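The values are calculated or read from the model by the stated rules, or taken from the named source; none is laboratory data. Note that the structure is a prediction, hence the values are computed from the model and not measured. Cβ atoms come from the backbone with ideal geometry, glycine included; neighbour counts cover every protein chain shown. SASA here: full protein model, heavy atoms, side chains in, ligands and nucleic acids out. Shrake-Rupley method; radii C 1.70, N 1.55, O 1.52, S 1.80 Å.
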Amino acid sequence: MSSTELSGRRVPVEHRWLGLDRRSIPYAVVAFAVLALWAWVVPWVDDQVAWDDTTRTGEAFRVTTEVSMSVPPGWGVVSGLRTTDEPRGGDQARDVEQTVLTKDGV
C-alpha cells in the first residue's frame, strides 16, 4: 500500500484527541456506562436488598391443590403458598398462586 492510500483512511488531526478519534468517545462513554451499571450498580443494589423470606429444610410449596414440591434450603420466596400456610379464604383452589423462587439474588 502506498502512503496516499493510508492517508485516506487516517483520522484527520482536528478529529483526534490523545491519538483517539473524538467522534467515537460518546459511544465509548455509553458502553462504559452500561458496563458500570451491570458490573457495579446492579450487584450493589442486590446486596442492599435483604431476603426476609427464605426457605428452610423440609418446607414444601403448593403448586396446585393436589401437587406440592419441596425446595432446598436458602432459596428466596417471591410468591407462593407453603403447605403449612392457611389460605386467605375458604376456597383453597382460588388462593393457590404461582410459586416463584429465586437463588443468589438478581
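Laid out as a table, the results:
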read-out: Additional length obtainable on full extension of the chain from Thr57 to Trp40, 0.36 nm per residue less Cα span; value: 2.9 nm
read-out: Val67 accessible area, assembled protein chains, probe 1.4 Å, Å²; value: 80 Å²
read-out: Potential extension, Arg9-Thr102 segment - 0.36 nm per residue separation minus Cα distance; value: 28.3 nm
read-out: Distance in nm between pseudo-label sites at Trp17 and Val78 (7 Å out along the Cβ direction from Cα); value: 4.1 nm
read-out: Ranked order, Leu37, Leu101 - accessible area, probe 1.4 Å, largest first; value: Leu37, Leu101
